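**Student:** Have a look at this one.
The values are calculated or read from the model by the stated rules, or taken from the named source; none is laboratory data. These numbers were taken from a predicted model, which means no experiment stands behind them. When we count neighbours, we look across all protein chains shown, and the Cβ atoms used for this are built from the backbone with ideal geometry, even at glycine.
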Amino acid sequence: MKHLAAVVSIACLLFVSKSQAQEHAPTMAVCQADLALWHNTEEETDYLNQETKRINDGVKNTNPLAKLTAIELTLRMIEMADCKSVDKAGSQDYYEMMRFYSDVVADRYRSFLERHDLMRKFRAEDDAGIR
């Protein structure tokens, strides 16, 4: 399942990056400012806790991160990937933020597959070796 989410995330990254190509890499100041704004451990923990309740109990995830569109999340992932090369000293922080956003998008994919009863079909085809 994580493999499927990774493949779909990469496809989204490629689609969004081609459709909204950045003219130039962000500056170190932009990278550091956005990371400081976006990386909020308390908010990320709340998102994960609410997502767990959504999966287990069907309670809607109302965390602000759950309200970001898949496109916005993907654009943030692209920026964090670009920032890794702009600010090498902070590359691990950018990677972790990029990974977190990737996991949020994967949650969306999983939810979509479950809502449309596609998870069962995916597993059946995967078990049959259809890839």
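**Student:** Can residue 80 be described as modelled with pLDDT of 95 or more, within 15 Å of the chain's Cα centre (by Cα) and over 27 Å from residue 121 (Cα atoms)?
**Tutor:** Details: modelled with pLDDT of 95 or more: yes; within 15 Å of the chain's Cα centre (by Cα): yes; over 27 Å from residue 121 (Cα atoms): yes.
So residue 80 fits the description; yes.
**Student:** Here's a follow-up. Can you tell me which residue in the stretch 79-131 is surrounded by the fewest Cβ atoms within 10 Å (Cβ to Cβ), limited to those that are touching a Lys or Arg at 6+ places or on another chain (Cβ under 6 Å) and in contact (Cβ under 8 Å) with a residue 24 or more places away in the chain?
**Tutor:** Among them, the one singled out is 101.
**Student:** A follow-up question, please. Considering only residues that are among the basic types (Lys, Arg) and more than 15 Å from the chain's Cα centre (by Cα), look in the stretch 83-131 and name the one that is farthest from residue 52 (Cα to Cα). I'd like the intermediate steps shown before the answer.
**Tutor:** Our first condition is that a residue be among the basic types (Lys, Arg); within the stretch 83-131, this holds for 84, 88, 99, 108, 110, 115, 120-121, 123, 131.
Subset that is more than 15 Å from the chain's Cα centre (by Cα): 84, 88, 115, 120-121, 123, 131.
Working: 84: 30, 88: 34, 115: 16, 120: 20, 121: 23, 123: 22, 131: 29 Å.
The selected residue is 88.
**Student:** Next up: Do you know which of the residues in the stretch 119-131 that are of a type in the set (A, V, I, L, M, F, W, C) and not in a helix (DSSP H, G or I) is modelled with the highest pLDDT? So that I can check it myself, show each step before the final result.
**Tutor:** Here is the first cut: in the stretch 119-131, the ones of a type in the set (A, V, I, L, M, F, W, C) are 119, 122, 124, 128, 130.
The next check asks that each one be not in a helix (DSSP H, G or I); those that pass are 128, 130.
Values: 128: 97, 130: 94.
Among those residues, the one meeting the criterion is 128.
**Student:** Can you name the helices (runs of 4 or more DSSP H) wholly within the stretch 50-118 that have at least 3 residues being of a type in the set (Val, Ile, Thr)?
**Tutor:** Details: elements: 64-67, 70-86, 91-115.
Correct list: 70-86.
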